[in-house]
Amino acid sequence: MIDSHCHLADDTFACDLEQVIDRARQAGIETALVILEAGNATEAAQAQRVEQLWPGVRFAIGVHPHQAHQYAADPARAASVVREQCAATASARAVGEIGLDYHYDYSPRDVQHAVFRAQVRVARELDLPVVIHTREADEDTITILTEEGGGSLRGVLHCFTGTPALADAGLALGFYVSLAGILTFPKAAELRETARRVPLDRLLTETDSPFLAPVPYRGKRNEPAYVARVVETLAEMHQMSASDMAERTASNFHTLFRP
Ligand code: NI
């Protein structure tokens with residue numbers, strides 16, 4: 001099993017990181033993609049600790065749309081910060097999470113667009129896949145990925161909660177779709193229906209921890225070990241064994257985030 005998106009370098013895990021990683025390994029989680037906020041020195045330091053405790057983890061580095069406003073005066077600087085940090089991080093395997101968030105609108109939309117575009121260009125330049133965060137911004141996200149991606153961009157729509165149209169548009173771009181713990185919520189029937197459209201060779205699993213713990217841990221801090229619940233739910237939906245689903249999604253992960 002793989003946790004293709006977690007924030008293990010977040011403060012929330014600072015005091016018991018060792019136990020969190022032990023539990024993940026005991027639960028059979030092979031590896032994880034750890035998301036780092038570009039330019040955040042505290043997270044970068046914590047990332048080194050994560051890697052010491054869990055050799056083989058990989059990192060994604062990017063400016064989240066919530067933080068895009070920090071680069072309002074010079075969106076190109078977001079790109080250079082990402083470029084430099086990727087170069088300095090031997091285990092960096094993706095640019096992310098990047099994208100658009102019109103739900104919170106913490107950054108003005110034109111700034112979000114410019115910072116997102118600049119980072120997609122860096123991903124192409126470095127030949128790295130992108131990890132996409134999109135909320136209530138489906139059309140603009142797909143437009144930017146299409147315009148800047150040039151048909152060669154690889155990536156994943158992370159923590160997918162979108163419409164069937166968004167899933168289809170992402171799949172048409174060749175992207176993967178990653179499902180998180182929301183899939184296990186009783187009220188998520190519609191999401192489960194949409195998730196069924198995703199071909200088995202495009203599925204990824206994630207926790208997005210510390211956020212969004214799956215049933216039966218809802219309301220608690222989420223952690224990589226709990227990705228097992230997402231794998232089980234997907235396996236039930238596809239009427240296959242959890243170990244087969246784990247194998248399929250792990251192989252997808254290795255294809256996208258090359259070792
Ligand atoms: Ni995230």
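Approximating the spin labels as points 7 Å out from Cα along Cα→Cβ, the Ala87-to-Thr42 distance works out to 2.7 nm. Applying the criteria of a DSSP loop state and at most 14 other Cβ atoms within 10 Å to the trypsin sites (Lys or Arg not before Pro) of segment 150-212 yields Lys187, Arg196, Arg197. Close amide H pairs (under 5 Å, H built 1.01 Å from N) link Asn222 with Phe211, Ala213, residues at least 5 positions away or on another chain. Surface composition of the chain: carbon plus sulfur atoms hold 49% of the accessible area, using a 1.4 angstrom probe and ignoring ligands, DNA and RNA.
When the Cα positions of Leu100, Gly174, Ala123 are compared along the charge dipole of segment 2-257, Gly174 comes out farthest toward the positive end, with charges on each C-beta of Lys, Arg, Asp and Glu. Contact order, relative form, for segment 109-205: 23 percent (alpha carbon pairs under 8 Å, 6 or more residues apart, mean separation divided by residue count). Amide H contacts of Gly99: His133, each under 5 Å away and 5 or more positions distant or on a separate chain (H built 1.01 Å from N in the peptide plane; Pro and chain starts excluded). A cut-off under 13 angstrom between Cβ atoms defines the neighbours of Val57, and their net charge, with Lys, Arg +1 and Asp, Glu -1, is +1.
Accessible area per residue for the chain is 42 Å², calculated with a 1.4 Å probe on protein heavy atoms, without ligands, DNA or RNA.
Around Ala246, what is the net charge, scoring Lys/Arg as +1 and Asp/Glu as -1 over all other residues with Cβ under 11 Å from its Cβ?
Working: positive: Arg248; negative: Glu30, Glu232, Asp244, Glu247.
With Lys, Arg at +1 and Asp, Glu at -1, the neighbours total -3.
Around the amide H of Thr207, modelled in the peptide plane, lie the amide H atoms of Ser4, His5, all under 5 Å away and 5 or more residues distant in sequence or on another chain. State the dimensionless ratio Rg/Rh of the chain (Rg: radius of gyration of Cα atoms; Rh: Kirkwood radius). Value, to two decimals: 0.94. Kirkwood hydrodynamic radius computed over segment 1-114 comes to 14.8 Å, based on all pairs of distinct alpha carbons.
The values are calculated or read from the model by the stated rules, or taken from the named source; none is laboratory data. Keep in mind that this is a model prediction, so the values were computed, not measured. We place every Cβ from the backbone using ideal geometry, glycine too, and count neighbours over all the protein chains shown. Protein only, heavy atoms only, side chains kept; ligands, DNA and RNA dropped before computing areas. Shrake-Rupley method; radii C 1.70, N 1.55, O 1.52, S 1.80 Å.
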